[in-house]
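Just below is one structure, and these are the notes that go with it.
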Amino acid sequence: MQVLQVQLEIGADPEEVGRARRWARSRLAACGVGADEQLAETLLLLVSELVTNAVVHTDGPAVLRMLLPGRLAPGAVRVEVADMSSVPPRQRRADGDDTHGRGLELVSGLADRWGWQREGAGKRIWCELDRVPDARERASAGAVTGKAGRPVTAAGSEKAAAAARLADGPPKGVRPDRVPQGAARA
């Protein structure tokens, strides 16, 4: 399977978050992820959260990378943000009217997998969403079939799955910030 890797340098300015979203939206469209797909909306929210964290919690530039499967292909879409801060990310639980502390909780709830690793003097925070082409895409690309020849579909909506992951939290004894690269969360 062909994977496209693209990257964008992000300055230490909050206005860079909007630029990152516009850039990500155009890259997703180029890879066949329609703006009306739930996957696109979720990925743009994840890009916003990771870039915002880099801009707000570090005093320097960052690099946004996206690894995208080929057009209409199933597979994981990966978003990474690398910055020069050596401070590890910390998932917090925000109370009521708090204006901070929800970013990584949101990432944890929406992404299929996420984690972080040290990179040189800084770190890289990443998340992945599995892409399952919707019915229109399967029809145009040739349906993928499962048991009994029925089309393979995602169980439930992505929003329902994300809400369930948020409610459950990480598996017992597992800290999401310690999940090794490529490891799946339960």
Exercise. Pick from Leu39, Leu110, Leu72, Leu43: which is at pLDDT below 80, farther than 16 Å from Glu9 by Cα and hydrophobic (A, V, I, L, M, F, W, C)?
Worked result: Leu72
Exercise. Does region 132-150 contain at least one residue that is modelled with pLDDT of 75 or more and under 21 Å from Leu44 (Cα atoms)?
Worked result: no
Exercise. So which residues in region 75-86 are modelled with pLDDT of 90 or more and farther than 18 Å from Ser48 by Cα, if there are any at all?
Worked result: Met84, Ser85, Ser86
For this session: Being under 20 Å from Ser85 (Cβ atoms), small (Gly, Ala, Ser) and open to solvent by less than 20 Å² (accessible area, probe 1.4 Å) is the filter here, so list the residues in region 1-57 that pass it.
Result: Ala20, Ser48, Ala54
Problem set entry | Condition check for Arg21: under 18 Å from the mean Cα position of the chain (by Cα), charged (D, E, K, R) and either within 22 Å of Arg118 (Cα to Cα) or modelled with pLDDT under 90 (or both) | no
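The values are calculated or read from the model by the stated rules, or taken from the named source; none is laboratory data. Since we're looking at a predicted model, the values are computed, not measured. Here Cβ is always computed from backbone atoms with ideal geometry, including for glycine, and neighbour counts include all displayed protein chains. For accessibility, only protein heavy atoms count, side chains too; no ligands or nucleic acids. Shrake-Rupley method; radii C 1.70, N 1.55, O 1.52, S 1.80 Å.
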